[in-house]
Amino acid sequence: MSSRSLSGIIPDDEKGYELDLFCVPKHYEEDLDRVIIPHGLIMDRTERLARDIVRDMGGHHIVALCVLKGGYKFFSDLLDYIKALNQNCDKSVPLTVDFIRLKSYCNDQSTNSVKVIGGDELSTLTGKNVLIVEDIVETGRTMETLLSLLSECNPKMVKVVSLLVKRTPRSSGYRPDYMGFEVPDWFLVGYALDYNEYFRDLGHICILNEKAKVKYKV
């Protein structure tokens, strides 16, 4: 089975978990409906993704490209697992890191344009094997824009890993090479996924309630 087909599918009728079953920052207790992916499950799935990446890309020098800001926590944990595998497995992945920032959201709505910050640095990826690390793929257009920009720089190979892939009628059909969880068309926060910069400090992935969308709207 290819790594592209492996993901934890969270159904549309998933009830999740009551907030009082987990440690949630008190300042967010009134803003969340429920926990959908607990932190421990995120970590276990991330460890498996690291194993798949080392299996497929071991032996190649990889530039791990973190998509900021939402991807920083997943990026850090994924690389920690890859480093652990490098120390304990016959196959290893030599790693260097780089960062890029993409912006396509205003409040809870995706815009039609993608703003790339740091795109002038992509030329340094010419001839290299690139692993793009993203927090969530929604419509797919943001990632398609980045991949188009990267292709102009002629990297040797490009793979994409995303912790989440959203099931939405707005999707372009794009799917990453590696994915952690396929999720319904909900607005999710936590584990560095934000709403106007809030909720990055929440360990679990949760559904944002409607009151909070108004409360933190810019």
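Under the definition of Cα pairs under 8 Å and six or more residues apart, what whole-number percent is the relative contact order of the chain? After rounding, I find 27 percent. How large a share of the accessible area of the chain, in percent, is made up of carbon and sulfur atoms when the probe is 1.4 Å and the other protein chains stay in place? Using a 1.4 Å probe with all protein chains present, the chain comes out at 51 percent carbon and sulfur.
Which residue, N129, N88, N196, has the most motion in a Gaussian network model of the chain that connects Cα atoms within less than 10 Å? With Cα springs under 10 Å in the chain, the top fluctuation among N129, N88, N196 is at N88.
Counting only Cβ charges, +1 for Lys and Arg and -1 for Asp and Glu, the dipole size of the chain around its Cα centre is about 480 debye. Only one residue of N196, M57, V218 has its Cα farthest out toward the positive end of the dipole of the chain, where Lys and Arg carry +1 and Asp and Glu -1 on Cβ, and that residue is M57. Using a probe of 1.4 Å, the accessible surface attributed to F75 totals some 10 Å² when neighbouring protein chains are kept in position.
Once the piece of chain linking D201 and K15 is laid out straight, how much longer is it, given 0.36 nm per residue of separation minus the C-alpha distance between them? Don't jump to the answer; show the numbers that get you there.
Working: separation 186, 0.36 × 186 = 66.96 nm, distance 2.30 nm.
Using 0.36 nm per residue and subtracting the Cα-Cα distance, I get 64.7 nm.
So for segment 129-205, what are the equivalent ellipsoid semi-axes in whole Å, largest first, each being the square root of 5 times an eigenvalue of the Cα gyration tensor? Mind dumping the intermediate values first?
Details: eigenvalues 111, 42, 25 Å².
Its equivalent ellipsoid spans semi-axes of 24, 14, 11 Å.
The figure for K91 is an accessible area of roughly 100 square angstrom, using a 1.4 Å probe on the protein chains alone. Between helix 141-151 and the chain there is an angle of about 20 degrees, using the helix long axis and the longest principal axis of the Cα atoms.
Computed from Cα atoms, the angle from the helix 72-88 axis to the main principal axis of the chain rounds to 50 degrees.
Could you give the alpha-carbon Rg of segment 1-83 over 2.2 N^0.38 Å, rounded to two decimals?
Values: Rg = 15.8 Å, N = 83, 2.2 N^0.38 = 11.8 Å.
Ratio of Cα Rg to 2.2 N^0.38 Å: 1.34.
Helical runs (DSSP H, four residues minimum) scored at -39500 (n - 2.57) apiece and divided by the length of the chain put the mean residue ellipticity at 222 nm at -7500 deg cm²/dmol.
Let me know the charge dipole size of segment 23-69 about its Cα centre in debye, to the nearest 20, where only the beta-carbon of Lys, Arg (+1) and Asp, Glu (-1) is charged. Don't jump to the answer; show the numbers that get you there.
Numbers: 7 positive and 8 negative charges, 47 e Å.
Magnitude of the dipole: close to 220 debye.
Rolling a 1.4 Å probe over the protein heavy atoms gives the chain an accessible area of 49 Å² per residue.
As a quick test, which of the pairs K69/K217; K91/K166; K26/K83; K83/K166; K128/K159; K69/K91 have an alpha carbon distance above 23 angstrom in this structure? The partial results should precede the final answer.
Numbers: K69/K217 18 Å; K91/K166 32 Å; K26/K83 34 Å; K83/K166 28 Å; K128/K159 11 Å; K69/K91 30 Å.
Beyond 23 Å between Cα atoms: K91/K166; K26/K83; K83/K166; K69/K91.
Projecting label points 7 angstrom from Cα along Cα→Cβ for K26 and C89 puts them 4.3 nm apart.
Report the full-extension gain for the segment H61 to V97: residue separation times 0.36 nm, less the Cα-Cα distance, to one decimal in nm.
Full-extension gain reported as 11.9 nm.
Counting only alpha carbon atoms, the long axis of helix 39-57 and the longest principal axis of the chain meet at about 20°. Over all distinct Cα-Cα pairs of the chain, the Kirkwood formula returns a hydrodynamic radius of 17.9 Å. Which value, in Å² and to the nearest 10, is the accessible area of T139 when all protein chains are kept and the probe is 1.4 Å? Spelled out: T139, probe radius 1.4 Å, area about 20 Å².
The values are calculated or read from the model by the stated rules, or taken from the named source; none is laboratory data. All values derive from a computational prediction rather than experimental measurement. All Cβ positions, even for glycine, are placed from backbone atoms using ideal geometry, and neighbour counts span all protein chains on display. Please note that ligands, DNA and RNA were not included when accessible areas were found on the heavy atoms of the full protein model with its side chains. Shrake-Rupley method; radii C 1.70, N 1.55, O 1.52, S 1.80 Å.
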